[in-house]
1. Mean 1/r over all different Cα pairs, inverted: what Kirkwood radius does segment 79-188 give, in Å?
2. Compute, for segment 153-289, the length of the dipole vector about the Cα centre, with Cβ point charges of +1 (Lys, Arg) and -1 (Asp, Glu) only. Units Debye, rounded to 20.
3. Taking each pair of different alpha-carbon atoms in the chain once, compute 1/r for the pair, average those values, and report the inverse of that mean as the Kirkwood hydrodynamic radius in Å to one decimal.
4. What does the convex hull of the Cα atoms of segment 39-117 come to per residue, in Å³, rounded to a whole number?
5. Mind listing the long-range amide H neighbours of VAL44? Cut-off is under 5 Å, sequence gap 5 or more, other chains count too, H placed in the peptide plane at 1.01 Å from N.
6. Would you pull out the residues with amide H under 5 Å of HIS101's amide H, same chain only if 5 or more places away, H placed 1.01 Å from N?
7. Hey, what do the phi angles of segment 238-250 turn into as Karplus ³J(HN,Hα) couplings, whole Hz, using 6.51/-1.76/1.60 and θ = phi - 60°, x for Gly and Pro?
8. Once phi is turned into θ = phi - 60°, what whole-Hz ³J(HN,Hα) does the Karplus curve with 6.51, -1.76 and 1.60 give for every residue of segment 260-268, x standing for Gly and Pro?
Amino acid sequence: MLTEADMAAYRRDGVLVVPEVLDTQEVADLRRVIGEIVAGAADVEANNEVYDLEPTHTRAMPRVRRIKAPTKVHPIFDDVLRRPKMLAILEALIAPALRMHGSKLNMKSAQYGSPVEWHQDWAFYPHTNDDILAIGVMLDDTDLENGAMLVSPRTHTGPVWNHHGEDGRFCGMIDPAAIRAEVERAVPCTGRAGSMSFHHVRALHGSALNTSNRSRNLLLYEVAAADAWPLMGVKDFDEFNSRMIQGAPTIEPRVTPVPVRMPLPPALRQGSIYENQLTSDRTYFRRVA
């Protein structure tokens, strides 16, 4: 599905949008399942292993900002990642042997969908090499108005910025004063529902509050080359290998000279990136909102 120009653009910029990879029916199937999962949030009052809730959530008015690991919640999410058209793109951008690092569904509901402050995914899960990317499956028509993800091109070959707070603990976000030039040249990942963005694990990105009357739901997968091993360790070897989506696993990690900052000491507020980022007041999007 990719041209030589597409692959060159990804290598140069660290980000690529592929229009309408999923068709109308595939998007509709995902939306139906998501609606059923979100309806279940009426039975919970606090964040749990499935839901990350908006601060304004109540049982009477369920408000979900993230479904934490959708591939563990419903088989349709795992199926989407393993479809031939998806694997063809991933093989072209990463490697023939691929492992899913994780999945999540960020939900920006109309008028109140939470922002995500500037960060690099690499800060959360450094590996032995950086042949890793995140896929953003757009489940709604996405533009600046409803909180499209912003990515700063060519930052994937630069530094790993400090994601720690003044207390020295990891907070999952960068002081905006340190990245002014990069923020100024950031570009939005926009497209019709079914389109997908692919951004390198070291690419600088974030997204604003959704102030529109439309939702902006983004299904995210993190995928790594099979020989990229997490520096924080492998807790369950069988589970680690169960996340292979193509090719064979290996016990020979490939080590490359990439910059690393460990996400330690851990954030005071553990959980999702939303919780991590609440420990710092050096905000960009929250301050703008």
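1. Values: mean 1/r = 0.0613 Å⁻¹.
One over the average 1/r among Cα pairs gives 16.3 Å for segment 79-188.
2. Numbers: 16 positive and 13 negative charges, 123 e Å.
Taking the Cα centre of segment 153-289 as origin, the dipole is about 600 debye.
3. Values: mean 1/r = 0.0519 Å⁻¹.
One over the average 1/r among Cα pairs gives 19.3 Å for the chain.
4. Numbers: hull volume 10.3 nm³, N = 79.
Residue-normalised Cα hull volume stands at 130 Å³.
5. Close amide H contacts, sequence-distant or interchain: none at all.
6. Distant-sequence amide H within range of HIS101: GLU222, VAL223, ALA224.
7. 5, 5, 4, 6, 5, 8, 5, 10, 6, x, 9, x, 9
8. Once θ is set to phi - 60°, the couplings for segment 260-268 become 9, 10, 7, x, 9, x, x, 4, 4 Hz.
Taken together, the values in this text are just the output of simple stated rules run on the coordinates, not laboratory data. All values reported here derive from a predicted model rather than from experimental measurement. Neighbour counts are summed over all protein chains in view; Cβ atoms, including those assigned to glycine, are modelled from backbone coordinates with ideal geometry.
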